[in-house]
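Here the structure comes first, spelled out in C-alpha cells, and everything after it is commentary.
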Amino acid sequence: KNQVEQSPQSLIILEGKNCTLQCNYTVSPFSNLRWYKQDTGRGPVSLTIMTFSENTKSNGRYTATLDADTKQSSLHITASQLSDSASYICVVFHTGGFKTIFGAGTRLFVKA
Amino acid sequence: EAGVVQSPRYKIIEKKQPVAFWCNPISGHNTLYWYRQNLGQGPELLIRYENEEAVDDSQLPKDRFSAERLKGVDSTLKIQPAELGDSAVYLCASSSQGDGELFFGEGSRLTVL
C-alpha cells in the first residue's frame, strides 16, 4: 500500500534550536517528494521539492534530504524561530497512480 | 499574481442543511483539486479536475457530495445534506501540470452542528 509516515507526531523546541523531522514512504514508483508548511488556519505552502535523483535541497533555514534507496526523507530546520511553529507535511507523488499522497504531518511548537 | 481563492472561509450549518464552497484557481492552472482535511491529519483528495473533466473522483462520497468546473476555471463543491462527520477544512489547490507543485487556497472551515 502506498503510504507516507511522518515522525514525530508533534515536537516542542526552544527558539534558536535546530530540529529534524522524518518522513518514511512506501510509495512506488514516485517522481518527486515535497515538504509543505501549514500554519494554523491556513493552506499548505511548499518549502522544497526533490526529484528521485536529488539528495538534498535547501530553502533558507530549511534543508530537506532524500534517500530514495531507503525511502526516507528528512526536513532539518536550523536556528528555529517562533514563526516556524506550524505543521510540516511530507508529500510524495505516486507516478503509477498519478496521485499525490500526503503524510499526516508533524506539528512543531517553537517556544520562546 | 493572485493565489488560489476560496470562499467562504468559515461556514457553520446544522446537519441536513446544504452547503457550497467556491474556488478560483491560479490563472492558467489546468489542474484543480478539492481536498478534505480533518484536524491533525493530512489532506485527503476528494476530486481532481483536468480542465473541466473530473479525472479522479474515486474518493468523493457521491451520495451527498457533488462538484463542478463548468468552464474549466473556477469550481464549486457542494454537500447536500451535510452530516456531523463532514466537519473539516475543505482545501482547493491548483497546479500547472498534473505532477507539478500544488498551490493551495486558505481553505473553507465547515462546522456541522
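The values are calculated or read from the model by the stated rules, or taken from the named source; none is laboratory data. Everything numeric here is computed off the predicted structure, so don't read it as measured data. Cβ placement follows ideal geometry from the backbone for every residue including glycine, while neighbour counts extend to all protein chains displayed. Quick note on the areas: whole protein, heavy atoms, side chains included, nothing else; ligands and nucleic acids left out. Shrake-Rupley method; radii C 1.70, N 1.55, O 1.52, S 1.80 Å.
Has segment A:56-72 got at least one residue that is within 13 Å of chain B (Cβ to nearest Cβ) and within 24 Å of A:I12 (Cβ to Cβ)?
Yes, segment A:56-72 contains a residue that is within 13 Å of chain B (Cβ to nearest Cβ) and within 24 Å of A:I12 (Cβ to Cβ).
Kindly provide the set of residues from segment B:74-98 that are crowded, with 16+ Cβ neighbours inside 10 Å and over 25 Å from A:D39 (Cβ atoms), ordered by number.
Residues satisfying the conditions are B:I79, B:A82.
Name the strands (runs of 3 or more DSSP E) wholly within segment A:37-112 that hold at least 2 residues that are in contact with a His (Cβ under 9 Å, 6 or more places away or on another chain)?
Counting at least 2 such residues, we get A:62-67, A:99-102.
Hey, A:T95 hits all of (1) in contact (Cβ under 8 Å) with a residue 40 or more places away in the chain; (2) open to solvent by 60 Å² or more (accessible area, probe 1.4 Å); (3) within 25 Å of B:G40 (Cβ to Cβ) but one; which does it fall short on?
So the condition that A:T95 fails would be (3).
What residue, among those in segment A:46-77 that are farther than 24 Å from A:K1 by Cβ and loosely packed, with under 15 Cβ neighbours inside 10 Å, is modelled with the lowest pLDDT?
Across segment A:46-77, the extreme among qualifying residues is A:S53.
Considering only residues of segment B:75-92 that are touching a Pro at 6+ places or on another chain (Cβ under 8 Å) and either at pLDDT below 95 or in a strand (DSSP E or B) (or both), which is nearest to the other protein chains (Cβ to nearest Cβ)?
B:L91
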